[in-house]
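Visitor: Okay, handing you the structure first.
The values are calculated or read from the model by the stated rules, or taken from the named source; none is laboratory data. Owing to the predicted nature of the structure, the values given are computational and were not obtained by experimental measurement. When we count neighbours, we look across all protein chains shown, and the Cβ atoms used for this are built from the backbone with ideal geometry, even at glycine.
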Ligand SMILES: NC(=O)c1ccc[n+]([C@@H]2O[C@H](COP(=O)([O-])OP(=O)(O)OC[C@H]3O[C@@H](n4cnc5c(N)ncnc54)[C@H](OP(=O)(O)O)[C@@H]3O)[C@@H](O)[C@H]2O)c1
């Protein structure tokens, strides 16, 4: 029985780095690389010998595709990385209700359902990494839905890490600050956007995997995010939110 890893959002900035790292793990024979972009999936397939590209839109029939493959192959899933995610930076009222539904589904429902589908194929020593965000440390106006969705994923992960501890299945929530990927716009109306404490996808992945291996339920990559987590804990939430609005409001 092949030992497999499943990575959603494998075609994105962080997902590609996870692909690169997990491809080196000796106990993983196959990596199911999930994404929508066919060209990027072909490039992944050409670069990583363990990659099994699965073109799947998780907001369409992607879950059925994964589900059928799981039932057919009954693999030994050693690692699930719920990495696919998206967010809207701006006023909540500017999003139509379909967008609101899609973001909730992609960031909350899909990872939860995927965990429930994959768990029957996991055994002692396997684990789950869920990509949350430093946005989960406090409510973020202009990223309201995104930060709420990342709290969901963080709390789900930490609670599951306790529930699954007797089975020796590790669950780690990864909470990075700004990461240099295509998810972030670099300018708004000709104004370049400054992201405080931005770090590389490679740094996030190496910290996340190190913390996962130590069995930590939360991983906070980067000095700025660690400081910000502490600051958000000791400062009244209203003050943190007001400061955030002052810094980011000029880009709205
Ligand atoms: N960038 C940051 O500053 C930052 C900070 C903290 C946390 N995060 C989190 O890190 C994770 C990865 O983000 P990233 O920065 O690597 O962003 P990214 O480069 O935009 O990658 C997003 C990934 O999600 C996939 N995806 C989006 N919608 C999908 C759908 N409907 N079905 C299947 N796949 C879908 C994309 O696939 P296709 O390209 O193939 O469509 C892509 O692989 C996200 O959960 C994000 O919230 C990012």
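Visitor: How many of the residues making up the stretch 63-112 are over 20 Å from the mean Cα position of the chain (by Cα), closer than 30 Å to residue 144 by Cβ and within 16 Å of the ligand (Cβ to nearest atom)?
Guide: Total satisfying the criteria: 3.
Visitor: Here's a follow-up. Would you confirm whether any residue within the stretch 30-44 is under 21 Å from residue 127 (Cβ atoms) and surrounded by fewer than 18 Cβ atoms within 10 Å (Cβ to Cβ)?
Guide: Within the stretch 30-44, one or more residues are under 21 Å from residue 127 (Cβ atoms) and surrounded by fewer than 18 Cβ atoms within 10 Å (Cβ to Cβ).
Visitor: Additional query: For the subset of the stretch 45-60 comprising residues that are more than 10 Å from the ligand (Cβ to nearest atom) and either out of contact with any helix residue (DSSP H, G or I) (no Cβ under 6 Å at 6 or more places or on another chain) or not in a strand (DSSP E or B) (or both), which member is modelled with the lowest pLDDT?
Guide: The residue in question is 49.
Visitor: While we're on this one: I'd like to check something: does the stretch 18-36 contain any residue that is within 14 Å of the chain's Cα centre (by Cα), outside any strand (DSSP E or B) and modelled with pLDDT of 95 or more?
Guide: Yes, that holds for at least one residue.
Visitor: Among (1) under 18 Å from residue 122 (Cβ atoms); (2) modelled with pLDDT of 95 or more, where does residue 64 come up short?
Guide: (1)
Visitor: Looking only at residues that are modelled with pLDDT of 95 or more and over 13 Å from residue 205 (Cα atoms) in the stretch 1-11, which one is surrounded by the fewest Cβ atoms within 10 Å (Cβ to Cβ)?
Guide: Per the stated criteria, the residue is 3.
Visitor: Shifting gears a bit: Pick out the one residue from 10, 5, 33, 21 that is within 8 Å of the ligand (Cβ to nearest atom) and closer than 25 Å to residue 154 by Cβ.
Guide: 10
Visitor: Does the stretch 199-222 include one or more residues that are farther than 27 Å from residue 129 by Cα and part of a loop (DSSP other than H, G, I, E, B)?
Guide: For the stretch 199-222, residues farther than 27 Å from residue 129 by Cα and part of a loop (DSSP other than H, G, I, E, B): absent.
Yes/no matrix, rows are residues, columns are (1) closer than 16 Å to residue 103 by Cβ; (2) more than 10 Å from the ligand (Cβ to nearest atom); (3) surrounded by fewer than 21 Cβ atoms within 10 Å (Cβ to Cβ):
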position: 137; (1), (2), (3): no, yes, no
position: 146; (1), (2), (3): yes, no, yes
position: 155; (1), (2), (3): no, yes, yes
position: 166; (1), (2), (3): no, yes, yes
position: 176; (1), (2), (3): no, no, no
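Visitor: Looking only at the stretch 191-223, how many residues end up being within 12 Å of the ligand (Cβ to nearest atom), under 17 Å from residue 19 (Cα atoms) and over 16 Å from the mean Cα position of the chain (by Cα)?
Guide: Adding up the residues that qualify gives 0.
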